[in-house]
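Colleague: Just dropping this structure here.
What follows is calculated from the coordinates using simple rules that are stated; it is not laboratory data. As the structure is a prediction and not an experimental result, all values here were calculated from the model. With ideal geometry, Cβ positions are generated from the backbone for all residues, glycine too; neighbour counts draw on all protein chains shown.
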Protein chains: 2
Amino acid sequence: MAVPETSRLSLNTATVRERWTLAQAIEGCARHGLGGISPWRDKVAELGLGEAARRIRDAGLAVTGLCRGGLFPASDAAGRAAAIADNRRAIEEAAVLGARCLVLVAGGLPAGSRDIAGARAMVGDGIAAILPDARAAGVALAIEPLHPMYAADRACVNTLDQALDLCDALGPGVGVAVDVYHTWWDPNLARAIARAGAERILAFHICDWLVPTTDLLLDRGMMGDGVIDIRAIRGLVEAAGYTGLHEVEIFSAGNWWKRDPDEVVAICKERHRAVC
Amino acid sequence: MAVPETSRLSLNTATVRERWTLAQAIEGCARHGLGGISPWRDKVAELGLGEAARRIRDAGLAVTGLCRGGLFPASDAAGRAAAIADNRRAIEEAAVLGARCLVLVAGGLPAGSRDIAGARAMVGDGIAAILPDARAAGVALAIEPLHPMYAADRACVNTLDQALDLCDALGPGVGVAVDVYHTWWDPNLARAIARAGAERILAFHICDWLVPTTDLLLDRGMMGDGVIDIRAIRGLVEAAGYTGLHEVEIFSAGNWWKRDPDEVVAICKERHRAVC
């Protein structure tokens, strides 16, 4: 497989969240020659939605996704309605930003619940409720299956096949975000990526799984520092027809979040060429 | 569903490993009225295999499993051969103990490897190599799929369906151990348990998934303290025809391992009746 151009690289701003504002991240991505950026909503709000959209456009960056919508399950109807209302705002923001997709993290179990099937039903109902808004706004919804270790507290959608079953049930306008960190272990990964196909793979996220992993949430690795065969998975998504960017998203409280973001981005570029 | 009798409860000795020898665990299980025990090989070696077998038999306890075989992947042929030789010894030990099964934890990636498909092939090859020995000894092999968060460093068999695919390929003499901790998140769990059926469900392990979980390995919860609907999963395995014991296995460096094992077993009994 060909070494990827840096213009295929996108920076999820979570990777530099501790030391760069969104304005700095936009400027940094452009200066380093990256092709895209994926901002988080809190950072967008901080800079102002219109200003963020203008700066990203002026920098010539694609918006590979807006992070994030979802989090649908709640203990009562009011909580579920509040989540749906917040997702509608996120759709509007994604439209203004021209985002390739709104990333949906399903949400975990409501407090005190042991009913994962019930939570999963709430996710399907929640996406169904916002889908007309998304279609009207021209915003694609990307269900991101998260690693099963987040099933309880973050996302009860845990495999690509499960996300695709939801897509099948919901119809056009919903696809998936394929993140190597969340999916690399899946014995059915190759088949599931082929099943997804070009139209439904809306984003491709990269980082690495460290051995040992010392924290369930904040110990992701830089590409090449772990055990994931990222290039092989890129091969699978490209064989399925995906032509979009490769979005690096590293949650790393103990290491990468502490470093100079310019160094982090420079290393992302090197590793992207070397192992992705 | 009926409240389970304490005679249906088995103690995996890992639950009390820091404060009880195997001899103490055998005596404790009998005194508390449990129906079984599942020892680890290091504890068996410490007491002596014949002595362990005699004491367990005299205590009237079933051996719901011997922990553990497996760990097949290795960087070179010598390493793989050593694993197979060690598994053959484990089969002999399981036969002497009259264990219901030898629990197989697949093993993770060899050092430096990113080839999870290759590791998975080594697991299949390894089990195939020891299966004639297991059949000859009358020892059932129980593949235990571990949670996907252990795919890199402990077990590259991560779903019940993946384990059952291995069983299908290997033929009679191989089944599965269903552990609620490793499988509760699986969107396909109900179908996979039904697929396994009575003959292939060789063990049923219980504990709970805590929120938050602060360590990937050593922060399992007592039944009832987490988010797993254990009784519902017991219902699935019993609907599939499983009539065996419920083996409690809690790795908990920060909590249960520090407590008086008599207190731990007493709470296991209470929770077994209350939520399992």
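To keep it simple, each residue is scored yes or no on (1) part of a helix (DSSP H, G or I); (2) over 27 Å from A:Pro148 (Cβ atoms); (3) touching a strand residue (DSSP E or B) at 6+ places or on another chain (Cβ under 9 Å).
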residue	(1), (2), (3)
B:Leu104	no, no, yes
B:Met122	yes, no, yes
B:Met149	yes, no, no
B:Ala152	no, no, no
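Colleague: Another question, if that's okay. Which of the residues that make up segment B:11-30 are over 14 Å from B:Arg57 (Cα atoms) and not small (Gly, Ala, Ser)?
Modeller: Answer for segment B:11-30, where residues must be over 14 Å from B:Arg57 (Cα atoms) and not small (Gly, Ala, Ser): B:Leu11, B:Asn12, B:Thr13, B:Thr15, B:Val16, B:Arg17, B:Glu18, B:Arg19, B:Trp20, B:Thr21, B:Gln24.
Colleague: How about segment A:241-260: which of its residues are crowded, with 21+ Cβ neighbours inside 10 Å and outside any helix (DSSP H, G or I)?
Modeller: Passing the criteria: A:Tyr242, A:Gly244, A:Leu245, A:His246, A:Glu247, A:Val248, A:Glu249, A:Ile250, A:Ser252.
Colleague: Assess whether B:Ala90 counts as being on the phi < 0 side of the Ramachandran plot, under 16 Å from the mean Cα position of the chain (by Cα), away from every other protein chain (no Cβ under 13 Å) and in contact (Cβ under 8 Å) with a residue 60 or more places away in the chain.
Modeller: no
Colleague: Mind telling me which of the residues A:Ala177, A:Ala196 ends up being free of Cβ contacts under 8 Å to residues at least 60 places away in the same chain and away from chain B (no Cβ under 11 Å)?
Modeller: One residue alone meets the criteria, A:Ala196.
Colleague: Return yes when A:Asp168 is of a type in the set (D, E, K, R), surrounded by fewer than 24 Cβ atoms within 10 Å (Cβ to Cβ) and within 14 Å of another protein chain (Cβ to nearest Cβ) and no when it is not. Give the steps one after another, and end with the answer.
Modeller: Details: of a type in the set (D, E, K, R): yes; surrounded by fewer than 24 Cβ atoms within 10 Å (Cβ to Cβ): yes; within 14 Å of another protein chain (Cβ to nearest Cβ): yes.
Here the answer is yes, as A:Asp168 does meet what is asked.
Colleague: Can you tell me which residue among B:Arg31, B:Arg17, B:Arg41, B:Arg8 is surrounded by fewer than 22 Cβ atoms within 10 Å (Cβ to Cβ) and over 17 Å from the mean Cα position of the chain (by Cα)? Steps first, answer last, please.
Modeller: On the way: B:Arg17 fails: over 17 Å from the mean Cα position of the chain (by Cα); B:Arg41 fails: over 17 Å from the mean Cα position of the chain (by Cα); B:Arg8 fails: over 17 Å from the mean Cα position of the chain (by Cα).
Result of the check over B:Arg31, B:Arg17, B:Arg41, B:Arg8: B:Arg31.
Colleague: Out of the residues in segment A:44-66 meeting the condition of being touching a residue at least 12 places away in the same chain (Cβ under 8 Å) and in a loop (DSSP other than H, G, I, E, B), tell me which one is nearest to the chain's Cα centre (by Cα).
Modeller: A:Gly65
Colleague: Going by the conditions given, is B:Gly98 buried (at least 24 other Cβ atoms within 10 Å of the Cβ), more than 14 Å from chain A (Cβ to nearest Cβ) and among the small types (Gly, Ala, Ser)?
Modeller: Considered against the rule, which asks whether it is buried (at least 24 other Cβ atoms within 10 Å of the Cβ), more than 14 Å from chain A (Cβ to nearest Cβ) and among the small types (Gly, Ala, Ser), B:Gly98 comes out as no.
Colleague: Exactly one condition in (1) crowded, with 17+ Cβ neighbours inside 10 Å; (2) more than 14 Å from chain A (Cβ to nearest Cβ); (3) at positive phi is not met by B:Gly138; state its number.
Modeller: (1)
Colleague: Among the numbered criteria (1) outside any loop (DSSP other than H, G, I, E, B); (2) of a type in the set (Val, Ile, Thr); (3) within 14 Å of chain A (Cβ to nearest Cβ), which single criterion is violated by B:Ile127?
Modeller: Of the numbered conditions (1) outside any loop (DSSP other than H, G, I, E, B); (2) of a type in the set (Val, Ile, Thr); (3) within 14 Å of chain A (Cβ to nearest Cβ), the odd one out for B:Ile127 is (3).
Colleague: One residue is enough: does segment B:226-240 have a residue meeting the conditions within 11 Å of another protein chain (Cβ to nearest Cβ), touching a Leu at 6+ places or on another chain (Cβ under 6 Å) and buried (at least 18 other Cβ atoms within 10 Å of the Cβ)?
Modeller: Within segment B:226-240 (the criterion being within 11 Å of another protein chain (Cβ to nearest Cβ), touching a Leu at 6+ places or on another chain (Cβ under 6 Å) and buried (at least 18 other Cβ atoms within 10 Å of the Cβ)), the answer is yes, since at least one residue qualifies.
Colleague: Does A:Asp42 meet the test of being over 21 Å from A:Val105 (Cα atoms), out of contact with any helix residue (DSSP H, G or I) (no Cβ under 8 Å at 6 or more places or on another chain) and acidic (Asp, Glu)?
Modeller: no
Colleague: Scan segment B:199-214 for residues that are in contact (Cβ under 8 Å) with a residue 40 or more places away in the chain, in contact with a helix residue (DSSP H, G or I) (Cβ under 9 Å, 6 or more places away or on another chain) and under 14 Å from B:Cys101 (Cα atoms) and jot them down.
Modeller: B:Ile201, B:Phe204, B:His205
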